[in-house]
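Colleague: I'd like to ask you about the structure that follows.
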Amino acid sequence: MARHDKDSARPLIPISRREFLNRSSSALAGSMVIALILPEGSSAGIAGADYDWDRHRWVYLIDTTKCIGCGSCVRACRAENSVPEDMYRTWVERYEIPAEGEAFIDSPDGAEHGFDPVATGLSVRKGFFVPKLCNHCDATPCIQVCPVGASFATRDGVVLVDPEHCIGCGYCVQACPYGSRFINPTTHTADKCTLCYHRITTGRKTACVEICPVGARRLGDRKNPDDEVIEILATQRVEVLQPELLTRPQAFYLGLDMEVR
Amino acid sequence: MNPESPLIHAKHVFRAAILLLAVLIAMLLGRSLFVPETWGEFGPYRGAAVAEHRDKPIRHGGNDSCAMCHDAEYAEHAGGEHASVQCESCHGPVAFHVDLEEGEVVAEMPVHRSRELCELCHLRLEARPADFPQVDVREHVLSNGGEFTPDACFECHDPHSPI
């Protein structure tokens, strides 16, 4: 990434240099073991703690034609992020659409335990699964409505909640047109997909992307000139959910159907 | 003193100034109490929240995180039809099994020796992509001469390399 190395003088975020030095010396012994077991991330331009958020712009791509509805992503998300029971930062919906009449849509337990066959009584002509998560919108209503500034977007394009500052009023939960937020029953604060910020800033993929057995979920970086996902966005026909709301979602879909909202 | 002297009003100005100063001090005090330290560092939010999100623990390590201790399974899996299926997808995250700081096993890794595991991905469903290998499990087992038991699949398929 020669192009990226030029501006290495920019400040590293979010850890200040001194804080980082303090922390790293004490954690050195531990991190050496971690480095043995956890393979180093491979995403271009990232090296350990030297993460510069000005050099990344994360996007997400979902290929609904590949999803098999196994729910691995839902389980991995829960385990990786300690998502409380009955709450979902990501989930998978099933669509069974007859030639005429109402479509059948369900998502039992968010697909955490997969799907069973259903007797819809419809003569289904097309069926598919649609994984969903926070769209990390560029122009998001959830940040706008927060009365205390607890919802914010990082410079690398991730919409996050500050649980320390959140007062749990729930305005953002109402404001999100995609149903991506909930009030965490343990902390009583707003909770949502963080795009595994702890993973993507250390060179890893999100847990849901990493676990998907069929490559239906992918992470992309607009500031990486060789990124395959960005190539797909540039050359193929992609859609976003509810584009009429002008929220500029950064989660893109391949093979979406007009039944999907 | 001449009652017309402008100094006669100095007292009022002084009082007002004191009052203003008090209000200012109260405001600054209140601000330092209620506005978090790193507020506004990067934008209208608490800057330290970014680092707090970044410092959360990693729990999924990918297939390579098992290789060091389970090289046989790792090699068998990597060369088989299940190469694209993560170890942690069938078992669980590495961090629940191994203490990543110490490198020691802390808990048993779940082993789901049940056809329910296979059915998550291979049970025939109308919504599944038609080109994905899927079976009507009962029919499939019986027609291959097997017995339809809870762990039927393992009689004929090795989960790490199913064909």
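Colleague: Criterion first (touching a residue at least 40 places away in the same chain (Cβ under 8 Å), within 14 Å of chain B (Cβ to nearest Cβ) and in a strand (DSSP E or B)) does residue A:218 satisfy it?
Modeller: Yes.
Colleague: Additional query: Between residues in the range A:142-154 that are without any contact (Cβ under 8 Å) to a residue 12 or more places away in the chain and residues that are outside any loop (DSSP other than H, G, I, E, B), which pairs lie under 7 Å by C-beta distance while being six or more apart or on different chains?
Modeller: These pairs meet every condition: A:152/A:143; A:152/A:160.
Colleague: Go through the range A:76-102 and count every residue that is assigned to a strand (DSSP E or B), more than 15 Å from residue A:132 (Cα to Cα) and more than 10 Å from every other protein chain (Cβ to nearest Cβ).
Modeller: So the answer is 1.
Colleague: Now for a different question. I'd like to verify a number: residues in the range B:72-91 that are of a type outside the set (S, T, N, Q) and either at pLDDT below 95 or assigned to a loop (DSSP other than H, G, I, E, B) (or both), how many?
Modeller: Matching residues across the range B:72-91 total 7.
Listed here are the residues, each with its yes/no results for (1) farther than 30 Å from residue B:132 by Cβ; (2) out of contact with any Lys or Arg (no Cβ under 8 Å at 6 or more places or on another chain); (3) at pLDDT below 95.
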site: A:196; (1), (2), (3): no, no, no
site: A:200; (1), (2), (3): no, yes, no
site: A:206; (1), (2), (3): no, no, no
site: A:212; (1), (2), (3): no, yes, no
site: A:216; (1), (2), (3): no, no, no
site: A:221; (1), (2), (3): no, no, no
site: A:225; (1), (2), (3): yes, no, yes
site: A:233; (1), (2), (3): no, yes, no
site: A:236; (1), (2), (3): no, yes, no
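Colleague: Give me the residue from the range A:168-185 that is over 17 Å from the mean Cα position of the chain (by Cα) and assigned to a loop (DSSP other than H, G, I, E, B) and, out of that set, surrounded by the fewest Cβ atoms within 10 Å (Cβ to Cβ).
Modeller: A:185
Colleague: Follow-up question, since we're still on this one. With more than 7 Å from chain A (Cβ to nearest Cβ) and not in a helix (DSSP H, G or I) as the only criterion, which of B:101, B:108 stands out?
Modeller: B:108
Colleague: Can you pull out every residue in the range A:103-141 that is in a loop (DSSP other than H, G, I, E, B) and either closer than 27 Å to residue A:154 by Cα or acidic (Asp, Glu) (or both)?
Modeller: Residues satisfying the conditions are A:112, A:116, A:134, A:135, A:136, A:137, A:138, A:139, A:140.
Colleague: Which condition does residue A:193 not pass, out of (1) in contact with a strand residue (DSSP E or B) (Cβ under 7 Å, 6 or more places away or on another chain); (2) farther than 22 Å from residue A:78 by Cβ, if it passes all the others?
Modeller: All conditions pass for residue A:193, except number (2).
Colleague: Any residue in the range A:188-200 that is outside the structural domain of residue A:162 (by TED's automatic domain parsing) and crowded, with 23+ Cβ neighbours inside 10 Å sitting within a Cβ distance under 8 Å of a residue that is of a type in the set (Gly, Ala, Ser) and assigned to a strand (DSSP E or B)? List the pairs, counting only those 6 or more apart or interchain.
Modeller: The qualifying pairs do not exist here.
Colleague: Mind checking whether some residue in the range B:50-58 is closer than 30 Å to residue B:159 by Cβ and either within 12 Å of chain A (Cβ to nearest Cβ) or touching a residue at least 60 places away in the same chain (Cβ under 8 Å) (or both)?
Modeller: Checked the range B:50-58: at least one residue is closer than 30 Å to residue B:159 by Cβ and either within 12 Å of chain A (Cβ to nearest Cβ) or touching a residue at least 60 places away in the same chain (Cβ under 8 Å) (or both).
Colleague: Also, I was wondering about something else. For the range B:1-71, list the helices (runs of 4 or more DSSP H) that sit wholly inside it and hold at least 1 residues that are within 30 Å of residue A:204 (Cβ to Cβ); which are they?
Modeller: Where helices (runs of 4 or more DSSP H) fall fully within the range B:1-71 and carry at least 1 residues being within 30 Å of residue A:204 (Cβ to Cβ), they are B:48-54, B:64-67.
Colleague: Residue A:109 fails exactly one of the following numbered conditions: (1) in the same structural domain as residue A:248 (by TED's automatic domain parsing); (2) within 28 Å of residue A:203 (Cα to Cα); (3) among the acidic types (Asp, Glu). What is the number of that condition?
Modeller: The failed condition is (2).
Colleague: Is there any pair with a first residue in the range B:140-152 that is within 11 Å of residue B:115 (Cβ to Cβ) and a second that is surrounded by fewer than 13 Cβ atoms within 10 Å (Cβ to Cβ) and aromatic (Phe, Trp, Tyr) whose Cβ atoms are under 8 Å apart and which are 6 or more apart or on different chains, and what are they?
Modeller: Listed pairs, sorted by first residue: B:141/B:148.
Colleague: Here's a follow-up. Taking only the range B:116-137 into account, find how many residues are in contact with a His (Cβ under 9 Å, 6 or more places away or on another chain), surrounded by fewer than 21 Cβ atoms within 10 Å (Cβ to Cβ) and assigned to a helix (DSSP H, G or I).
Modeller: Looking only at that region, the number is 3.
Colleague: Continuing with the same structure: Need the failing condition index for residue B:140 against (1) assigned to a helix (DSSP H, G or I); (2) under 30 Å from residue A:65 (Cβ atoms); (3) within 13 Å of another protein chain (Cβ to nearest Cβ), just the number.
Modeller: Only one criterion is unmet by residue B:140, namely (3).
The values are calculated or read from the model by the stated rules, or taken from the named source; none is laboratory data. This structure is a prediction, so every number in the text was calculated from the model and none was measured. So basically every Cβ, Gly included, is an ideal-geometry build from the backbone, and we count neighbours across all protein chains shown.
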